[in-house]
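Notes to accompany the following structure.
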Amino acid sequence: MISTSSKYAIKGVLFLAMHSSEAKKIMVKDICTPINVPQAYLAKLLQELSRQKIISSTRGPKGGFYLSDENRSQPLIKIVHAIDGQRRMNACVLSLKTCDENRPCPLHKLVSPAKKQFIKSLKEKTIENLANNIANGISFLPL
């Protein structure tokens, strides 16, 4: 339902949530190895998230990426929409152009309830929620 790019972006943002602050900015080169994402690819994703004010960044010798309190309160759906656009979440699982409730593909009724729940969760959960789950050992991400 979400692209590899969105998955990489979420991993990068969670790394920032766990390790950065306005006083401690992190360079892309210090994020890419722990989360196993190519540096140039991650740089492009984080730049887009910064442009859309989902994460923060500063330039210069003490620059880098970080999350402000406002960034941390962003819902996860904003990351996915920034990277994939809104249409991808509603796209047909079989990539048919005309799949919808009125003319469903063979998998539509199987996937639709799970997809709706997933989208609802992405809208409700924030970056901070996931970071807290990692910090409290409820979920795991090698960081």
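Computed from the coordinates by the stated procedures, all read-outs in this text should not be read as laboratory data. These numbers were taken from a predicted model, which means no experiment stands behind them. Glycine gets a Cβ as well: all are built from the backbone with ideal geometry, and neighbour counts include every protein chain shown.
Arrange the following residues from fewest to most other Cβ atoms within 10 Å of their Cβ: LYS123, LYS97. Don't skip to the end; give the middle numbers.
Values: LYS123 12, LYS97 6.
Exposure proxy ranking, most exposed first: LYS97, LYS123.
Counting only helical runs of four or more DSSP H residues, what would the 222 nm mean residue ellipticity of the chain come to if each run contributes -39,500 (n - 2.57) and the total is spread over all its residues?
-15500 deg cm²/dmol
Applying a 10 Å radius around every beta-carbon, put 8-15, 89-96 in order of their mean neighbour count, most first.
Ranked from most to least packed, the peptides come out as 8-15, 89-96.
Looking at this model, which pairs from LYS25/LYS120; LYS44/LYS120; LYS7/LYS116; LYS25/LYS115 are more than 25 angstrom apart at the alpha-carbon?
Too far apart for the 25 Å limit: LYS25/LYS120; LYS44/LYS120; LYS25/LYS115.
R0 = 22 Å: FRET efficiency of HIS19 with PHE118, Cβ-based, nearest 0.05?
Given R0 = 22 Å and the Cβ-Cβ separation, E is 0.25.
Residue-wise, which Karplus ³J(HN,Hα) couplings in Hz belong to the stretch 65-77, taking 6.51 cos²θ - 1.76 cosθ + 1.60, θ = phi - 60°, and x for glycine or proline?
9, 7, 10, 7, 4, 5, 4, 4, 8, 5, x, 4, 4
Using amide H atoms built 1.01 Å from N in the peptide plane, name the residues 5+ places from SER68, or on other chains, whose amide H lies under 5 Å from its own.
Here SER56 satisfy the definition.
Over the chain, what is the mean sequence separation of C-alpha contacts under 8 Å (at least six apart), divided by residue count, expressed as relative contact order in percent?
Worked out over the chain, it gives 29 percent.
What list of ³J(HN,Hα) values in whole Hz, one per residue of the stretch 44-55 in order, does the Karplus curve 6.51 cos²θ - 1.76 cosθ + 1.60 (θ = phi - 60°) give from phi, with Gly and Pro shown as x?
3J(HN,Hα) across the stretch 44-55, in whole Hz: 4, 5, 5, 5, 5, 5, 5, 4, 8, 6, 8, 10.
Only loop residues by DSSP count here, and only those with at most 16 other Cβ atoms within 10 Å; note down the GluC sites (Glu not before Pro) in the stretch 1-110 that meet that. Present the calculation step by step, with values, prior to reporting the outcome.
On the way: sites: GLU22, GLU48, GLU70, GLU101; in loops: GLU22, GLU101.
Loop-located and lightly packed - GLU22, GLU101.
So for LEU122, LEU107, fewest C-beta neighbours within 10 Å to most, what's the order?
By the 10 Å Cβ count, ascending, the order reads LEU107, LEU122.
What's the local net charge at GLU70, with K and R +1, D and E -1, over the other residues with C-beta under 13 Å away?
Within the 13 Å Cβ shell, the charges total 0.
Test of understanding: what is the full-extension gain from MET27 to LYS125, defined as 0.36 nm times their sequence separation minus their Cα-Cα distance?
The MET27-LYS125 span can extend by a further 32.7 nm.
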